[in-house]
Each structure stands twice: as C-alpha cells, then as structure tokens.
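Worksheet: the structure to be examined is printed underneath.
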Amino acid sequence: MSHRIISIIDQRVATSPSLLPHVMETPTGTLNDTLARPLRDLRISVTDRCNFRCVYCMPKSTFDKNYTYLPHSDLLTFEEITRLATHFVAHGVEKIRLTGGEPLLRKNLERLIEQLARLRTPDGRDLDLTLTTNGALLAQKARSLKDAGLKRVTVSLDALDDASFKRMNDVDFPVSQVLEGIDAAQAVGLGPVKINMVVKKGVNEQEILPMARYFRDTPHILRFIEYMDVGASNGWRMDDVIPSAEVVRRIALDMPLEALDANYPGETARRWRYRQDGDGGSGEIGVISSVTGAFCGDCTRARLSTEGKLYTCLFASSGHELRALLRNGNSDAEIAGVIGQVWRARGDRYSQLRSQHLANPTDAPAKVEMSYIGG
Ligand code: SAM
Ligand code: SF4
Ligand code: SF4
C-alpha cells in the first residue's frame with residue numbers, strides 16, 4: 001500500500017498556531033471529549049533526538065546526517081513544561097509519561113522530574129510519573145532518576161539475541177547494556193519494570209519465545225506490541241504485523257497461559273499469566289493490540305510534543321500550538337481555556353478507522369513521526 005509522505009520538517013512548520021479564541025477557564029478536574037473520554041494521561045516528549053535508529057521508528061533512510069532536528073530554542077524549557085503540566089493536572093491528568101526521542105538524552109532531565117514530582121491532583125494525590133526509554137543510559141541514570149521522584153520506567157527491548165537486537169536498533173548497540181539498565185532500575189526501586197517489545201514479522205519474531213522465557217521468572221512485565229503504522233517513514237505494511245493473538249498462541253504452545261483481568265478500565269495491555277499448572281513460573285505478560293484490537297474507546301491520552309504542540313491522537317496530522325501562549329504572556333486561565341477547548345472538541349479514533357484509511361490511502365490524513373510526538 002502507498003503512504004502519503006510529507007517531509008517531517010515541512011509538516012511541523014505547517015501546523016499553524018492555535019486559532020482558538022482565548023477563552024478563560026478554571027479547570028474542574030473533569031474534562032470530557034466528544035466521545036465522553038476524560039483527559040487522564042499526558043505523554044511529554046522532551047527531545048526529538050535519539051541514539052538509536054530503530055527500523056520501525058527512526059529509520060536511517062530518513063533520519064540520516066542531513067536530518068534537521070529542532071533547534072534548542074524551539075524546545076519547551078523545563079519551566080514551560082511544568083507550567084503546562086500543571087494545567088493538564090488541574091484538568092484531570094493523573095499520569096505523566098516522559099518520552100521522546102530518547103528522553104535520557106535531554107540534559108538535566110532530573111530537574112524536570114523534580115518539578116513534575118511536586119505536582120498534585122486536585123484531590124491531593126501524587127502523580128503516576130513514569131518514563132519510557134531505550135535503556136542505553138539507564139544503568140548510569142537509574143539512581144538519579146529515582147532520587148528526583150520518578151516512580152517507574154518502561155524499557156523498550158526488541159530482542160535478546162545481540163544480532164537481532166542490533167538489526168532493530170541499527171546502531172550496533174549490545175543487549176547486555178540494556179539488561180544492566182533494567183536491573184539497575186529494579187534495584188533502585190523503579191520497578192516493576194515494564195519491557196516493551198515491538199514485534200515485526202520476519203525481523204524479530206523468532207525472539208518472542210526467548211524473551212518470554214527470559215523474563216518469565218523476573219519481576220519485570222514483558223509486553224508485546226503490534227508494529228504500528230505511525231508516521232510515514234517506516235514503510236509500514238499490514239503484512240509486517242504479527243497479531244497479538246498469534247503471539248499469545250505461540251507462547252502458550254510452550255508455556256500455558258491464562259487471561260488476567262485488567263488492572264483498571266481502559267488499560268491498553270491485555271494481561272496474561274503463566275499457568276501454575278504449567279511447568280512453574282508466576283510471571284505475567286501483556287499484549288498491546290494497537291492494530292488488531294483498537295482501544296480508542298478508552299483512550300484518555302494527550303501528547304505534548306517537544307516544541308509544545310498538543311496532539312490528541314498518536315496518529316494526528318497536526319497539533320495545537322501551546323508554546324506561543326506561554327511565550328506571548330497569556331494568562332493561566334487562557335491556557336487552561338485552550339486546553340479545555342481542544343480536548344472537548346476531540347473525536348480522534350484513528351485505530352478504529354484504520355481499515356478505512358488503508359482502503360483509501362489518498363484520503364487518509366498525513367501523520368507525524370512517533371519520535372517527534374512521543375510514543
Ligand atoms: N526512545 C524511547 C524508547 O524507545 O523507549 C521512547 C520513545 S519510543 C518512540 C516509545 C515507544 O514507541 C517504544 O517502546 C517503541 O518501541 C515504540 N514504537 C516506536 N515506533 C513504533 C511502531 N512503529 N510500532 C509500535 N511501537 C513503536
Ligand atoms: Fe529511538 Fe525509541 Fe524510536 Fe528506537 S523507538 S528510534 S529508541 S525513539
Ligand atoms: Fe488513542 Fe488515537 Fe491510539 Fe485511538 S488511535 S487509541 S484515539 S492515540
């Protein structure tokens with residue numbers, strides 16, 4: 001199938017400043033979109049840069065030495081991020097995930113974590129403050145992240161076998177250093193560590209069973225993610241997707257599984273546990289069926305891009321400018337008002353409509369890259 005490819009830079013420029021009227025608003029802690037979905041999660045991308053070139057995310061063909069990243073002055077400062085996060089929390093956000101690009105590449109990230117860790121929900125609770133990382137710098141940073149107030153980490157790891165892993169990250173990075181990072185995170189209290197494995201057919205599917213066996217008797221929770229059609233640079237095809245049902249089938253042939261209930265309504269991962277009457281083990285796995293089992297009906301996530309645009313869907317083609325509001329001196333009530341208007345107007349459900357978009361690719365909206373918007 002063909003994709004509409006728009007230069008990422010052109011597309012970033014094309015996302016015009018928010019034209020929404022600046023209506024003043026005092027957040028109430030409850031904000032629902034057009035499909036009655038509340039705003040509960042905020043993913044903040046702190047950098048568009050990465051030290052990996054995962055083939056499904058930042059392929060070298062696009063992200064080469066000529067690729068232009070955002071200049072530092074375009075990035076939200078930590079103070080700007082915290083000010084916006086304060087408004088999101090007042091509107092109902094309970095969970096913040098830092099992401100990127102590779103978030104551990106952002107200098108002094110611990111200072112941002114300290115600021116965010118001080119925020120409280122309207123009824124006085126701590127935020128669930130987490131981070132997704134490729135793990136390359138985790139061994140050296142786990143302690144300072146924990147001390148700054150981070151609660152947990154999710155580590156992306158697509159294979160245990162060095163050759164397969166290097167094929168995925170495309171920068172020759174060894175598995176052993178990521179495993180050290182995972183151990184360090186667990187040791188300092190950033191666990192249980194979730195391990196995310198994106199499964200791409202014909203590339204790392206042979207690693208499903210070794211990964212399941214390796215993490216089975218650890219406190220870590222392994223989650224298999226269907227390869228998604230994010231962005232326009234990864235050349236996604238439905239044929240490259242291994243459905244979660246097939247992942248579960250392959251594991252269960254070797255290690256019997258039983259379904260677990262969701263931890264909370266709207267949990268994206270479907271949970272499974274190794275059966276006690278199998279050959280021992282008590283670990284849990286999850287599958288995230290972003291392609292074959294859309295969960296838009298429960299999607300409560302907003303995304304804040306590196307340069308301060310608000311995206312209401314991972315597959316959105318444009319974002320709403322918030323940085324200009326901060327830098328133009330708009331009031332807190334006006335900023336809260338813009339966020340409120342954007343969320344109330346939200347009707348995104350790309351994954352539920354994916355088959356229509358795939359059938360009519362020329363009508364489908366262009367999409368921003370995941371490394372820019374934050375995974
Ligand atoms: N660099 C960090 C990392 O890799 O964990 C954080 C950013 S990364 C964009 C966030 C998550 O998105 C990772 O778990 C990654 O595997 C996932 N991801 C990226 N591209 C994807 C795709 N095409 N399909 C499914 N997941 C993808
Ligand atoms: Fe970098 Fe994460 Fe994307 Fe891999 S998935 S290229 S580590 S941002
Ligand atoms: Fe949420 Fe958009 Fe993903 Fe649906 S496609 S689950 S609305 S981010």
Give the number of residues within the stretch 246-255 that are more than 18 Å from Ser289 (Cβ to Cβ) and surrounded by 15 or more Cβ atoms within 10 Å (Cβ to Cβ).
-> 1
Check Met58 against each of (1) part of a loop (DSSP other than H, G, I, E, B); (2) open to solvent by 40 Å² or more (accessible area, probe 1.4 Å); (3) under 30 Å from Arg346 (Cβ atoms); (4) within 16 Å of ligand 2 (Cβ to nearest atom) and name the one condition it does not meet.
-> (2)
Residue that is nearest to Leu358 (Cα to Cα), among those in the stretch 210-241 that are open to solvent by less than 40 Å² (accessible area, probe 1.4 Å) and acidic (Asp, Glu) | Asp229
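If you take the residues of the stretch 281-337 that are among the aliphatic types (A, V, I, L, M) and part of a helix (DSSP H, G or I), which of them is surrounded by the fewest Cβ atoms within 10 Å (Cβ to Cβ)?
Filtering the stretch 281-337 for residues that are among the aliphatic types (A, V, I, L, M) and part of a helix (DSSP H, G or I), the one surrounded by the fewest Cβ atoms within 10 Å (Cβ to Cβ) comes out as Ala324.
From the list Leu104, Leu116, which residue is touching a residue at least 24 places away in the same chain (Cβ under 8 Å), within 14 Å of ligand 2 (Cβ to nearest atom) and in a helix (DSSP H, G or I)?
On the way: Leu116 fails: within 14 Å of ligand 2 (Cβ to nearest atom).
The conditions single out Leu104.
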Which one of Gly308, Gly281, Gly286 is modelled with pLDDT of 90 or more and on the phi > 0 side of the Ramachandran plot?
-> Gly308
Being open to solvent by 40 Å² or more (accessible area, probe 1.4 Å), of a type in the set (Val, Ile, Thr) and not in a strand (DSSP E or B) narrows it down to one of Val171, Val203, Val178, so name that one.
-> Val171
Among the listed residues Ala345, Ala359, which satisfies the condition of being modelled with pLDDT under 90 and surrounded by fewer than 17 Cβ atoms within 10 Å (Cβ to Cβ)?
-> Ala359
Evaluate the following for Pro122: is it surrounded by fewer than 18 Cβ atoms within 10 Å (Cβ to Cβ), outside any helix (DSSP H, G or I) and within 18 Å of the chain's Cα centre (by Cα)?
-> no
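The values are calculated or read from the model by the stated rules, or taken from the named source; none is laboratory data. In this text, all values refer to a predicted model and were calculated from it rather than measured experimentally. Using ideal geometry, Cβ is built from the backbone for each residue, glycine included, and neighbour counts are taken over all protein chains shown. All accessible areas refer to the heavy atoms of the entire protein, side chains included, with ligands and DNA or RNA removed. Shrake-Rupley method; radii C 1.70, N 1.55, O 1.52, S 1.80 Å.
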